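Asker: Quick one: the structure is below, and I'll ask about it shortly.
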Amino acid sequence: MTNPIMVAIDTADRDGALALAGAVADSVGAFKVGLGLLHGPGPGLIGDLVALGRPVFVDAKLHDIPSQVERAARALGRAGARWLTAHIAGGSAMLAAAVTGLSEGSGGTGGLLGVSVLTSLDAAALAEVGIFESPEELVAQMARVAETSGAEGVVCSPREISIVKAAAPRVAVVTPGIRPAGAAVGDQRRTATPQDALAAGADWLVIGRPITAAGDPAAAAAEIAAQINA
């Protein structure tokens, strides 16, 4: 891997997504398709993005009974997903089913990423739904489950990168909530700069609004890539 940036393509329509992806392709390592695009233009967009020369991370956040997740993962693998997310909270059997489905659908090239604790949540938000472990404790346990279930990586906030590396050393770490110094954090609760996240051990950085909401997304992506390389 030479470029750790996964740019979150969060436009509302296919043409806008392809235009944005094409504009930033030279400065990023992968494209991320979120729920808005996946349930808008649909899975067919994945292949269109792959054709632009970058692998595609499909952030579907699957969470259902194992048989349903396996079918969905297989279909998204066939559509061209290089990475696919599923919530670790769904349990080891569900994660293993996702790994199987994705591998079969992608011809063995796809890897599952387990979603731990969303970066929009903090300890108070977890307690509100009856989870009284700290985000750090919960992420460590989830990382172990993801690793033993065959996931390629774990998605966690920048604050838990070192925790995942210690708990599950064989998995890659994908980190959303990345904000260059001085950028607005928006609805993210646990954030870090690209440089700090990489220094902590992140393998991939999911960056959305600092690039996609910029007046010139191509220039913003190039600037962040240059900062990382420096």
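The values are calculated or read from the model by the stated rules, or taken from the named source; none is laboratory data. This structure is a prediction, so every number in the text was calculated from the model and none was measured. Every residue, glycine as well, gets a Cβ built from its backbone with ideal geometry; the counts of neighbours run over all protein chains shown.
Asker: Scan segment 146-168 and report the pairs whose first residue is surrounded by fewer than 23 Cβ atoms within 10 Å (Cβ to Cβ) and whose second residue is of a type in the set (A, V, I, L, M) and at pLDDT below 95, with Cβ atoms within less than 8 Å and a gap of 6+ or a chain change.
Answerer: 159/192; 162/200
Asker: Here's a follow-up. Can you tell me which of 60, 19, 23, 8 is under 16 Å from residue 206 (Cα atoms) and either touching an Asp or Glu at 6+ places or on another chain (Cβ under 9 Å) or assigned to a helix (DSSP H, G or I) (or both)? Reasoning before the result, please.
Answerer: Details: 60 fails: either touching an Asp or Glu at 6+ places or on another chain (Cβ under 9 Å) or assigned to a helix (DSSP H, G or I) (or both); 19 fails: under 16 Å from residue 206 (Cα atoms); 23 fails: under 16 Å from residue 206 (Cα atoms).
None of the others qualify; the one that does is 8.
Asker: In this structure, does residue 82 turn out to be touching a residue at least 40 places away in the same chain (Cβ under 8 Å), buried (at least 16 other Cβ atoms within 10 Å of the Cβ), among the basic types (Lys, Arg) and under 29 Å from residue 12 (Cα atoms)?
Answerer: Numbers: touching a residue at least 40 places away in the same chain (Cβ under 8 Å): yes; buried (at least 16 other Cβ atoms within 10 Å of the Cβ): yes; among the basic types (Lys, Arg): yes; under 29 Å from residue 12 (Cα atoms): yes.
Taking the combined requirement at face value, the residue satisfies it.
Asker: Within the group 26, 10, which residue is crowded, with 18+ Cβ neighbours inside 10 Å and out of contact with any strand residue (DSSP E or B) (no Cβ under 7 Å at 6 or more places or on another chain)?
Answerer: Details: 26 fails: crowded, with 18+ Cβ neighbours inside 10 Å.
Result of the check over 26, 10: 10.
Asker: A further question follows. Might you check whether a residue that is at pLDDT 95 or above, of a type in the set (S, T, N, Q), surrounded by fewer than 23 Cβ atoms within 10 Å (Cβ to Cβ) and over 18 Å from the mean Cα position of the chain (by Cα) occurs anywhere in segment 123-139?
Answerer: The answer is no, given that none of the residues of segment 123-139 is at pLDDT 95 or above, of a type in the set (S, T, N, Q), surrounded by fewer than 23 Cβ atoms within 10 Å (Cβ to Cβ) and over 18 Å from the mean Cα position of the chain (by Cα).
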